[in-house]
Amino acid sequence: MKTSESLSEVHQSISTHKRKGWRRIFAFIGPAYLVSVGYMDPGNWATDLAGGSQFGYKLIWVLLMSNLIALLLQSLSARLGIVRGLDLAQASKNTYPKWINFPLYILAQTAIIACDLAEIIGMAIGLNLLFGLPLIWGISITILDTFLLLFLLNKGMRAMESFIVSMVFVVGISFLAEMFIVEPNLGEILKGLQPSSLSGDALYIAIGIIGATVMPHNLYLHSSLVQTRKIERTPKGIKEALKFNFIDTTIALNLAFFVNAAILILAAAAFYKNGLYEVAEIQDAYHLLENIFGSTAPTLFAIALIAAGQSSTITGTLAGQIVMEGHLNLRIQPWLRRLLTRLLAIVPAFFTILYFGEDALGGLLILSQVVLSLQLGFAIIPLIHFTSNKKEMLGFAIKPWVKILAWLSAATIIFLNVQLVIEEITEWSKSVDALLLYSLIIPIAILIGLLLIYIFIYPMVVNRDKHASNLPHGKAAKIDKVGVIQYHRIAITVDFSKNDKSTIRHALIQGGKDATYYLIHIVETAAARYHGKAVYDFETKSDADNLEVYQNELTELGYNIVPVIGYGSTSIAIAAAVKEHKAELLVMGAHGHRAIKDIIFGTTVNSVRHKVNIPVLIVR
């Protein structure tokens, strides 16, 4: 059955109200750690390495500011999910007009692809550094983590959280050990916490750091993950959930900040200090660490890189599922969702290696983080509007001082993004064809800017109740009276297994002896797919004989039976037979395949029910 909950597979799967003391607190801990891995993924590594090698410790204050903004926004995201029971994408769909949700989805999906791109490159580089695997093969191998996600989802939310926390632990321990090896200057680190002006390369890298730290897909993800906890829907229960989730968020994001700071400090102490100012490539960082500190530091570096990439890719997939279901109300299988996102991210990585060489991957990493930052406004502005709404937040709307801080954070990020866009377009104007610049690049920038203004103004000027009816599945229909439905033409699919007896029995109950029954069997041999009705191989003859047995037995019992044999694709042939014989009801047996078996054997029932416009009774 189609459901409307965010991440319905694990919605409210972890109970909290029956636990006491520390066990009650631990029941809430988990969602923020899944979110925190996005704050220490390979994209962060590229921006932190570039910042540390080019500017030493001077950009640590940007990291700290980004972390504080992230803490504020993630707490708002958790608040939205806990209080309203909606994720950010669902809330956007319920608030904004339908036409605005499609571009919002495209922008959010672009951010997820950019994030996935960083994880692909990071994983491939890590495998290359540890095992010498060529980058092109490393990128190809990352497709396989689709099945890791499928496995973890089947094991439940706690299993996934345990895996992610273990990966975070590997990253943290690796960098803690590296800090002892490089011995950074504590006084210079403290000076780096003092804000300074930004322009040129420093601004570009700073925005990359912000985009890599305050990641838009994490805002969608957190608002959904907090709903995996089953809480008491009372003011006291909601207040307690908000408190424990804030503690969870604070601890997790501070750990992420220390990892990011460790990468930047590592780059400053190892490279900037030694006059190596242009180390933006992860591979260069690895080899330079080996030259300066021996083999231990670079090995830890590569292990942490693989762990960060693998954990981040899982949370990125969940975010993609949330965004698609929330904005478009479209739900597909998680493995397919994962595969599509990964393939869309692999294409630019392959293109970059083939046409620009492996050395260009570092620049692509930083660009992916800038793309993330440019999309932030489209997630932050709606989030602040939703959590400020006193009516919808049921007495848990954010306080005025929190709202001011949130809008200041949004304004800071948007201002830096606008400044970057202007600088980049100015640079492009010197080298890009004028026709391309004025007919494509500038119009797109203006349209995106107008969209940002629209989503900011719309909730303030339009009646909030206008889209209150925009429910996931509409309103329940009024049922006036229920009459008896008599079916006269009933189709039954058979495959000559032990399930046929139950399938046929349920069908006969529906129509009695007054109906006509069409026993449908599809021949699926290679010859049948190619020759169709012209084939008469051994399997076709055997199937025809079996149908005749069913027909004779049921005719003796007083039922009117018509045998029907189809050929080729099962679902297409069944649908064709149903339409040809004008059946009013289709009865099918289900074999109960799950998970990987669905991929191997297919899902005939699901495919058929989308191809026919009559009721389908599934017997199991």
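The values are calculated or read from the model by the stated rules, or taken from the named source; none is laboratory data. The shown structure was predicted, so the numbers you read here are calculated from the model rather than taken from an experiment. Cβ sites come from the backbone with ideal geometry, for glycine too, and all protein chains shown count toward neighbours.
Below is a table of values for the structure above.
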{"quantity": "Residue within segment 264-271 that is surrounded by fewer than 19 Cβ atoms within 10 Å (Cβ to Cβ) and at pLDDT 70 or above present", "calculated": "no"}
{"quantity": "Within segment 477-491, tally of residues that are free of Cβ contacts under 8 Å to residues at least 40 places away in the same chain and surrounded by 10 or more Cβ atoms within 10 Å (Cβ to Cβ)", "calculated": "1"}
{"quantity": "Boolean, Leu80 is surrounded by fewer than 23 Cβ atoms within 10 Å (Cβ to Cβ), at pLDDT 85 or above and within 27 Å of the chain's Cα centre (by Cα)", "calculated": "no"}
{"quantity": "Unique match (being part of a strand (DSSP E or B), touching a Ser or Thr at 6+ places or on another chain (Cβ under 7 Å) and modelled with pLDDT of 90 or more) among Val587, Val564", "calculated": "Val587"}
{"quantity": "Matching option when the condition is at negative phi and either at pLDDT 70 or above or not assigned by TED's automatic domain parsing to the domain that holds Asp116 (or both), among Tyr57, Tyr33", "calculated": "Tyr57"}
{"quantity": "Of all residues making up segment 547-562, the number that are surrounded by fewer than 18 Cβ atoms within 10 Å (Cβ to Cβ) and either in contact (Cβ under 8 Å) with a residue 60 or more places away in the chain or in contact with a strand residue (DSSP E or B) (Cβ under 8 Å, 6 or more places away or on another chain) (or both)", "calculated": "6"}
{"quantity": "Segment 245-256, subset surrounded by fewer than 21 Cβ atoms within 10 Å (Cβ to Cβ) and not polar (S, T, N, Q), residue modelled with the lowest pLDDT", "calculated": "Leu255"}
